[in-house]
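Below is one structure, written out as structure tokens; comments come after it.
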Amino acid sequence: MINMPSTIKISFRALRVNKMRSALTMLGIIIGVGAVIAMLAVGTGASQKISEQIASIGSNLIIVIPGATTAGGVRMGMGTQPTLTMGDAEAIQRECSAVLDVAPDLSGVAQVVYGNQNWSTGVRGSTPSVLNVRDWPLAEGRAFTEQDIKSASKVCLLGQTVIENLFGDIDPIGKIVRIKNVPFTVIGVLDRKGQTPTGQDQDDTIYVPLTTAQKKLFGTTFPGMVRTITVKAKSTEALSDAEKQITELLKQRHRIGPKQENDFTVRNLTQMMQAAEESTKVMTLLLGAIASVSLLVGGIGIMNIMLVSVTERTREIGIRMAVGAKTWDIRLQFIIEAVTLSLIGGIAGIVAGVSGSKVISMIAGWATIVSPLSILLAFSFSGLVGIFFGFYPAYKASLLNPIDALRYE
Amino acid sequence: MALIDAREITKVYKLGDVEVNALYGVSLTIERGDFVAIMGPSGSGKSTFMNILGCLDTPTSGHYLLEGTDTAQLNRDELAGIRNNKIGFVFQGFNLLPRTSALENVELPLLYNGIPAKERRQKAITAIKSVGLEGREDHHPTQLSGGQQQRVAIARALVNDAPIILADEPTGNLDTKTSSEIMELFVKLNKESNITIILITHESDIAAYSRRIIKFLDGCVISDEPMRKL
């Protein structure tokens, strides 16, 4: 019969008697668990940040770009062929069932002037639906309306970077800015959106009505030409359906035969971003795996100390056997010692890992997120390490011959 | 039925390629309540025999029946059980756990017998009292004299009410005065509690406390006779 509370007491006493050794053994586990938690926190933080950036571009997006022109055998590159029209955008909205909203756009770079300040920025002509497609709320003012599109009104929405560069602290609403020398009234301010995953500043932009961009700013090869069409699918699951429907529809509208090359490209933006997210997940796993190695090394440290301890305490084991300790009494004593070491080490490691990831965020400025799962994982793993690496020394101790153990010098 | 019944016990040690015979077919019986001294020069096999009696070691051949049970039929844990509640050991080197109080040392056999903490403490205190060490319960072995350490060891042997005490040169590390005190204690335990005591000694004045003397030489019993009172 095994008396658990007493066995635990015996183990604890043995650990207390060898304080320094116990502490050093634990250090291995502390570093291991701490590293696992901190590394996972860095990885989770990074992928969280990327998820946020993906969400900032707008979710479930598909972008339709015109194809390349060929001039005298020289192919001019993606998007050089002006093939997309307002009509295409309207048809996608009307006929593709997997599509939620559509925002055609015609953009270019232009010099913008306010008072004695000027700034070069991307000016995008689009429809009112663009704010919905890109999940982009207004900070103040109003968005443009269908009426603005119809009448090609000279109104604009400013991004935060533009405001900082032209207005400073002045409230821009109602002010007149000149874009390519055409005066525009500022009717709204876009909320801050931050950078794309590739580092572009999304706030360095101005939105104007599509028709205004076509007629007053950039001009078009033919009426109703748009540069790209951004499409929002109904859901993430509907993305590939939407992609197919759009391709079919545009093939039909552009009269492209089965053997002809498409004069447009349909790109699934979210998919690209998900690939980026996927790669950070791989990085998180990698970091975790590297950190696990140190946890493993810590575990081997425990085994090493326990083996030394068994040898050193052979006589003690002999005495215990002589007064009636059974196989499992001895085994449990050493296993409990090992598990206690690794669990206390695990708890200290969690503290070290959490504070370590705080320090990393502070010094490196990285977002770190300590997930409860990683704590649970590291803690239970350290417990397992204790059992696993404690068992062999305990097993060895329990098989000693009582008289040999007693006579051991 | 004899308490201890050893039949043709042999023990062979293998030291590398050489086989050393420690015991050549020793047969003897010891009755309950006896006080036996085992004597003999070094290497005569008396300690080997004692270890087999204590189930610390197993014979190469022959049978050892303890209270009629053949110990060869028992497994590791059953032998541990016998050591726990049938036999108390007292060693020359005391063999107390270091850095552990006298009380906890005495409690040790009870711990492996699954006795609850309160009863354990009670029994250990009683045992310590019976060897005359009250007030020293919290002392560690290093804080006790040799005689006191041996008393702790005797208390440990007593605590589980074992019917047999095996003592391997219990006075070997003690001075004459302390030795006689320890021997008086054994005599008292033998008389008052009817505990069977088997002890190994070199010295005839220690053996004189016993009632029967068994002499070993080269792995054989050469004489086995009652103590002649001088």
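Go through the range A:20-55 residue by residue and tally those that are of a type in the set (Val, Ile, Thr) and more than 17 Å from A:Ser279 (Cα to Cα).
Of the residues in the range A:20-55, the ones of a type in the set (Val, Ile, Thr) are A:25, A:29-31, A:33, A:36-37, A:42, A:44, A:50, A:54.
With more than 17 Å from A:Ser279 (Cα to Cα) added as a condition, the list becomes A:25, A:29-31, A:33, A:36-37.
Number of matching residues: 7.
Is it true that B:Thr100 is assigned to a loop (DSSP other than H, G, I, E, B) and either touching a Cys at 6+ places or on another chain (Cβ under 8 Å) or within 14 Å of another protein chain (Cβ to nearest Cβ) (or both)?
Yes, satisfied.
Sort out which residues of the range A:319-350 are without any contact (Cβ under 8 Å) to a residue 40 or more places away in the chain and in a helix (DSSP H, G or I), and write them in order of number.
A:Arg320, A:Ile347
Suppose we keep only residues that are within 14 Å of chain B (Cβ to nearest Cβ) and open to solvent by 30 Å² or more (accessible area, probe 1.4 Å) within the range A:275-330. Which one would you say is nearest to B:Glu104 (Cα to Cα)?
A:Glu316
Of the numbered conditions (1) away from chain B (no Cβ under 14 Å); (2) surrounded by fewer than 23 Cβ atoms within 10 Å (Cβ to Cβ), A:Ser342 satisfies every one except a single condition; which is it?
(2)
Can you name every residue in the range B:181-196 that is open to solvent by less than 40 Å² (accessible area, probe 1.4 Å) and not in a loop (DSSP other than H, G, I, E, B)? Lay out the reasoning, then the answer.
So in the range B:181-196, the residues open to solvent by less than 40 Å² (accessible area, probe 1.4 Å) come out as B:182-183, B:185-187, B:189-190, B:195-196.
If the condition is that a residue be open to solvent by less than 40 Å² (accessible area, probe 1.4 Å) and not in a loop (DSSP other than H, G, I, E, B), then B:Ile182, B:Met183, B:Leu185, B:Phe186, B:Val187, B:Leu189, B:Asn190, B:Thr196 are the ones that fit.
Are any residues in the range A:219-245 surrounded by 18 or more Cβ atoms within 10 Å (Cβ to Cβ) and closer than 18 Å to A:Pro82 by Cβ, and if so, which ones?
A:Met225, A:Val226, A:Arg227, A:Thr228, A:Ile229, A:Thr230
Tell me yes or no: at least one residue of the range B:155-162 is within 11 Å of chain A (Cβ to nearest Cβ), closer than 13 Å to B:Gly88 by Cβ and surrounded by fewer than 19 Cβ atoms within 10 Å (Cβ to Cβ).
No, the range B:155-162 has no match at all.
Does A:Asp135 qualify as being surrounded by fewer than 17 Cβ atoms within 10 Å (Cβ to Cβ) and acidic (Asp, Glu)?
Yes.
Are any residues in the range B:105-150 of a type in the set (S, T, N, Q) and within 22 Å of A:Gln333 (Cα to Cα), and if so, which ones?
Scanning the range B:105-150 gives B:Asn105, B:Asn113.
Can you tell me how many residues within the range A:146-185 are open to solvent by 30 Å² or more (accessible area, probe 1.4 Å), among the hydrophobic types (A, V, I, L, M, F, W, C) and on the phi > 0 side of the Ramachandran plot?
Residues flagged as open to solvent by 30 Å² or more (accessible area, probe 1.4 Å), among the hydrophobic types (A, V, I, L, M, F, W, C) and on the phi > 0 side of the Ramachandran plot within the range A:146-185 amount to 0.
Residues checked against (1) more than 12 Å from chain A (Cβ to nearest Cβ); (2) surrounded by 15 or more Cβ atoms within 10 Å (Cβ to Cβ); (3) not aromatic (Phe, Trp, Tyr):
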site	(1), (2), (3)
B:Phe89	no, yes, no
B:Glu104	no, yes, yes
B:Pro109	no, yes, yes
B:Gln143	yes, no, yes
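Assess whether B:Ile82 counts as being out of contact with any helix residue (DSSP H, G or I) (no Cβ under 6 Å at 6 or more places or on another chain), within 23 Å of B:Tyr209 (Cβ to Cβ) and within 14 Å of chain A (Cβ to nearest Cβ).
No: the conditions fail for B:Ile82.
Within the range B:174-214, track down each residue that is touching a helix residue (DSSP H, G or I) at 6+ places or on another chain (Cβ under 6 Å) and among the polar types (S, T, N, Q).
Result: B:Thr178, B:Thr201.
Scan the range B:63-76 and give yes if some residue there is at pLDDT below 95 and at the interface with another protein chain (Cβ under 9 Å from one of its Cβ atoms), otherwise no.
Among the residues of the range B:63-76, at least one is at pLDDT below 95 and at the interface with another protein chain (Cβ under 9 Å from one of its Cβ atoms), which makes the answer yes.
Among (1) closer than 21 Å to B:Ala2 by Cα; (2) touching a Leu at 6+ places or on another chain (Cβ under 7 Å); (3) not in a loop (DSSP other than H, G, I, E, B), where does B:Cys55 come up short?
(3)
Residues to consider are B:Leu174, B:Leu199; find the one that is assigned to a strand (DSSP E or B) and either within 20 Å of the chain's Cα centre (by Cα) or not aromatic (Phe, Trp, Tyr) (or both).
After ruling out the rest, the residue left standing is B:Leu199.
Which numbered condition in (1) surrounded by fewer than 17 Cβ atoms within 10 Å (Cβ to Cβ); (2) away from chain B (no Cβ under 14 Å); (3) farther than 30 Å from A:Lys49 by Cβ is the only one that A:Val359 fails?
Every listed condition holds for A:Val359 apart from (3).
Can you tell me which residues in the range A:127-150 are polar (S, T, N, Q) and in contact with a Ser or Thr (Cβ under 8 Å, 6 or more places away or on another chain)?
If the condition is that a residue be polar (S, T, N, Q) and in contact with a Ser or Thr (Cβ under 8 Å, 6 or more places away or on another chain), then A:Gln147 is the only one that fits.
Restricting to the range A:369-406, name every residue that is within 14 Å of chain B (Cβ to nearest Cβ), in a helix (DSSP H, G or I) and surrounded by 15 or more Cβ atoms within 10 Å (Cβ to Cβ).
A:Tyr395, A:Ala397, A:Ser398, A:Pro402, A:Ile403, A:Ala405, A:Leu406
The values are calculated or read from the model by the stated rules, or taken from the named source; none is laboratory data. Everything numeric here is computed off the predicted structure, so don't read it as measured data. All Cβ positions, glycine included, derive from the backbone under ideal geometry; neighbour counts span all protein chains shown. All accessible areas refer to the heavy atoms of the entire protein, side chains included, with ligands and DNA or RNA removed. Shrake-Rupley method; radii C 1.70, N 1.55, O 1.52, S 1.80 Å.
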